[in-house]
Amino acid sequence: MILIQCGAVLFDMDGVLVDSTPAVERVWTSWALEHGLLPDEVVRRGHGRPSLATIIELLPSGDHEAENREVERREIEDVADVVALPGALQLLQSIPPQRWAVVTSATQRLAKVRLRVAGLPVPEHLVTSDSVQRGKPFPDPYLKGAEILGVAPGDCVILEDAASGIRSGKAAGARVLGLLTTSREDELLSAGADWIAENLSSLSLDLKVQPAGLTFRLQEKK
């Protein structure tokens, strides 16, 4: 058992709080086929990054804003099997609202839809791809998350499932817990994860919370 102390927690959404993998794969597979691209490669490149960045990279001469709106529309409509991941609801309910935020590469509209469909609270503090000019793996999203909570990045713990998100968090100067919900352990460690766990059920808030911060107990992957 590992004790982790921090001032605030920054959660990625997809693959950390919400399991949207089947929906993401369906939407991006159909989009890839329409544009003569390899679905597996498109899904891989898009993991943990803003959709617009992936579209610009794969369709350099396309109408990027129009394509991005279409992908967002499809993702908002395809939520039938979007569910909360193990431990997500319990953990969110245990942390004071002013001490956590969601930092996601999804748009604000899509993030709110997925959180609600999964039965999770929409946070008071939400950083999306609409909030920053540069998305993950740049540090901007997590720097923004720390700023809106009024906590130094170095006093934040980030929960991530993707290499791009881990790189973003480390570049921001935070500590990162990598979750094995969508990526391999070697990928998370290579990106710089400080700890590895199966999912959020491995993390629990110590009930003896000090006013100055939070103390978590982590059952690290064996």
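The values are calculated or read from the model by the stated rules, or taken from the named source; none is laboratory data. Every value quoted in this text rests on a predicted model; they were computed, and no experiment measured them. We place every Cβ from the backbone using ideal geometry, glycine too, and count neighbours over all the protein chains shown. Ligands, DNA and RNA are stripped out before the accessible areas are found, and what is left, the full protein with its side chains, is counted by its heavy atoms. Shrake-Rupley method; radii C 1.70, N 1.55, O 1.52, S 1.80 Å.
Considering only residues that are closer than 18 Å to residue 146 by Cβ and either modelled with pLDDT under 95 or not small (Gly, Ala, Ser) (or both), which ones fall in region 165-186? Within region 165-186, 166, 167, 170, 175, 176, 177 qualify. Scanning region 66-83 for residues that are of a type outside the set (Val, Ile, Thr) and either more than 26 Å from residue 167 (Cα to Cα) or in contact with a strand residue (DSSP E or B) (Cβ under 6 Å, 6 or more places away or on another chain) (or both) turns up 66, 67, 69, 70, 73, 74, 77, 78, 80, 81. Listed here are the helices (runs of 4 or more DSSP H) enclosed by region 1-85 that have at least 1 residues being farther than 23 Å from residue 140 by Cβ and open to solvent by 40 Å² or more (accessible area, probe 1.4 Å): 21-34, 39-46, 64-77. Evaluate the following for residue 16: is it among the β-branched types (Val, Ile, Thr), touching a Leu at 6+ places or on another chain (Cβ under 9 Å) and in contact (Cβ under 8 Å) with a residue 12 or more places away in the chain? Answer is yes for this residue.
Taking region 172-181 as the range and being more than 20 Å from residue 46 (Cβ to Cβ) and open to solvent by 10 Å² or more (accessible area, probe 1.4 Å) as the test, the residues that pass are 172, 173, 175.
In summary, residue 160 fulfils each of the numbered conditions (1) more than 19 Å from residue 21 (Cβ to Cβ); (2) of a type outside the set (A, V, I, L, M); (3) open to solvent by less than 30 Å² (accessible area, probe 1.4 Å) with the single exception of condition (1).
Going by the structure shown, is residue 89 within 22 Å of residue 11 (Cβ to Cβ), hydrophobic (A, V, I, L, M, F, W, C) and either touching a Leu at 6+ places or on another chain (Cβ under 8 Å) or part of a loop (DSSP other than H, G, I, E, B) (or both)? Considered against the rule, which asks whether it is within 22 Å of residue 11 (Cβ to Cβ), hydrophobic (A, V, I, L, M, F, W, C) and either touching a Leu at 6+ places or on another chain (Cβ under 8 Å) or part of a loop (DSSP other than H, G, I, E, B) (or both), residue 89 comes out as yes.
Do we find that residue 206 is in contact with a Leu (Cβ under 6 Å, 6 or more places away or on another chain), touching a residue at least 40 places away in the same chain (Cβ under 8 Å) and acidic (Asp, Glu) in this structure? Full working, then the answer.
Details: in contact with a Leu (Cβ under 6 Å, 6 or more places away or on another chain): no; touching a residue at least 40 places away in the same chain (Cβ under 8 Å): yes; acidic (Asp, Glu): yes.
It is false that residue 206 is in contact with a Leu (Cβ under 6 Å, 6 or more places away or on another chain), touching a residue at least 40 places away in the same chain (Cβ under 8 Å) and acidic (Asp, Glu).
Residues in region 99-119 that are in contact with a strand residue (DSSP E or B) (Cβ under 9 Å, 6 or more places away or on another chain) and more than 23 Å from residue 166 (Cα to Cα) were compared, and the one that is most open to solvent (accessible area, probe 1.4 Å) is 117.
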